[in-house]
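This report refers to the structure that appears directly beneath it.
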Amino acid sequence: MEEEHFKVVHVLRTWGRGQPEEKRGPLESELKEAIQRCSGAELFIRSLPEPVTRNGMVFNEILINRVGFASMKETAEAFAQGEVATIEPVQEKVLHELTKAEYKDVKDITQLVRGVEKHNKKVREKLSSQRRAEQETKRQTALIANLRSKLERGAKLLSVDIEAWERDQTKMLEIGAVLFELKKWDSAMPELTILSCKHFVVRENARCRNGRFVPDRRDHFNFGTSEVANKATIFSQLSDLVSRSEFMVGHGFRSDVKYLKNNGFAVDDLNKALDTEVLSRQLLRTRESASVENLLSAMDVEYSNLHNAGNDAFYTMKIFYHLLNEEDWQKYKSKLDDLRTKRMVRRAKQKLLARAKSLTAENAKLTKQR
C-alpha cells in the first residue's frame with residue numbers, strides 16, 4: 001500500500017412529515033438514546049471490504065454521520081408536535097460494519113473532516129501529477145517519431161541549460177546553448193554536427209557566485225570562450241539560435257523555461273521541447289529521474305566541470321544523442337540501477353556512521369558526568 005485515500009461521504013438521515021403514530025415509536029426511542037449517549041456528534045467509519053487500487057494507491061471510504069446535540073433536541077421537540085417522521089432505516093449489514101467514535105466538540109469533528117479533505121487534496125494532486133507525466137511521455141514519444149521522420153533531410157536542435165543563483169533562484173547567472181544538427185538516421189545512430197556552442201555569463205548578476213550549495217564552475221567552460229554580456233544582448237543571440245532550430249532540448253527543461261520566462265524571455269512553442277529527464281525515464285524504463293551526471297556515467301561519456309551552463313548544455317546534447325540508440329537502452333538501464341544501488345548503500349553507511357558518532361559522543365558525555 002503506497003497511499004490511503006479517504007473519501008468523505010455524508011450519511012444523510014431524512015425526516016418526513018405526517019407519518020402515522022405507529023412509526024413514531026422507533027424515532028422517539030432512537031432520539032432518547034442518542035441524547036443520553038452523547039452530547040455531540042457521532043462518527044461512523046467503515047473501510048471498504050475490498051479497497052479499490054488505482055495508480056498504485058488504495059482508496060478507502062469513511063462514512064461520516066454528523067448529528068449534533070442541538071439538532072437532536074430540535075428534532076425531539078418537533079416530534080412531540082407531530083411534525084417529524086421516522087428516520088430512514090439503515091441496513092443491518094452496514095451497521096455491523098461500522099466502527100463508532102463520539103465527538104462532543106464540533107471543533108474536533110471539523111478538524112477531522114478538514115484533515116481528511118487535506119489528505120484527499122494531496123492524493124488528487126499526486127494523481128494529477130501522474131496523469132501529466134503520462135501525457136508528457138506520450139508527447140515526447142510523438143516528438144521523437146516526428147524527429148526521426150525529418151532526419152532524412154536533417155533537423156537542427158538547440159540544447160539549453162540555465163544556472164541560477166543558489167540564494168535567489170530568480171537570478172540567472174549563466175546560459176548555455178548548443179545548436180546541433182542530426183541527419184541520415186538510416187542506421188543505429190544519426191550523424192551529429194555541432195553548429196554552435198555558447199556559454200553566456202549574465203553581466204547584471206556577475207557578482208553573484210554559487211559555491212555553498214551548488215558547485216561554481218563559471219570559469220571552466222570546456223568548449224570555447226565564455227561571453228560576458230547583459231541580458232538583452234544574450235537574449236538577442238538566444239532568440240536567433242531558437243529561430244534556427246526546429247526542436248529544443250533540455251534536462252528538467254520546464255525549470256529552465258521558467259527561469260527564462262521570469263527574466264523576460266518567453267519560449268513560445270513548448271510542444272517542440274524534448275526533455276532528456278523525461279525521455280530517459282521513459283525509454284530506459286527507470287522508476288526515478290536520473291541526473292545528468294548519472295546518465296553520462298551510464299553512457300560512458302567522459303565529462304568534467306558540470307554546473308557550468310555551457311558544459312551542461314553540451315552534455316545534455318550528448319545524452320539526447322545517446323538516447324537515440326535503442327540498442328544500448330538496456331545497458332544504460334543496468335548501469336543506472338547499479339549506480340542507484342551504490343548510492344543507497346553509501347547513504348546507509350553515512351547514516352550508520354553518523355549514528356555511531358552520536359552514540360560515541362553521548363557515551364563520552366555520560367562517562368564525564370560520572
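Database remark: amide H of Asp216 closer than 5 angstrom to the amide H of Gly211 (H placed geometrically; neighbours at sequence offset of 5 or more, or on other chains; Pro and chain starts carry no H). Between Arg148 and Val345, the contour length at 0.36 nm per residue exceeds the Cα-Cα span by 66.9 nm.
The H on the amide N of Glu174, modeled in the peptide plane, is under 5 Å from the matching H of Glu163, Val202, each at least 5 residues off or on a different chain.
In plain terms, the residue of Asp337, Asp275 with the fewest other Cβ atoms within 10 Å comes first and the most crowded comes last, giving Asp337, Asp275. Working note: Karplus 6.51/-1.76/1.60 with θ = phi - 60° gives the stretch 358-367 the couplings 5, 5, 4, 5, 5, 5, 5, 5, 5, 4 Hz, where Gly and Pro are set to x. Overall shape: oblate for the stretch 214-285, with the ratio a/c of the largest to smallest alpha carbon gyration tensor axis at 1.5 or above and b/c at least equal to a/b. In terms of other Cβ atoms within 10 Å, Thr316, Thr141 run from fewest to most in the order Thr141, Thr316. Extension gain, Thr193 to Glu293: 0.36 nm times the residue separation minus the Cα-Cα distance gives 33.7 nm.
The C-alpha atoms of the stretch 258-337 occupy a region whose extents along the principal axes are 41, 29, 20 Å, arranged from largest to smallest. Given axes a ≥ b ≥ c from the Cα gyration tensor, I'd like to know whether the stretch 306-370 is rounded (a/c under 1.5), prolate (a/b larger than b/c) or oblate. Oblate, since a/c reaches 1.5 and b/c is not below a/b. Put the Cα centre of the stretch 210-270 next to the Cα centre of the stretch 311-370 and the gap is 29 Å.
Suppose we keep just the DSSP beta bridges with both residues in the stretch 172-260; what percent of those would be antiparallel, to 5?
Within the stretch 172-260, antiparallel bridges account for around 75 percent of the total.
Ranked for footprinting exposure by Cβ neighbours inside 10 Å, fewest first, Glu163, Glu362 give Glu362, Glu163.
Here, each number is a calculation from the coordinates, and none is a lab measurement. Predicted model only: the values in this text are computed from it and were never measured. Glycine gets a Cβ as well: all are built from the backbone with ideal geometry, and neighbour counts include every protein chain shown.
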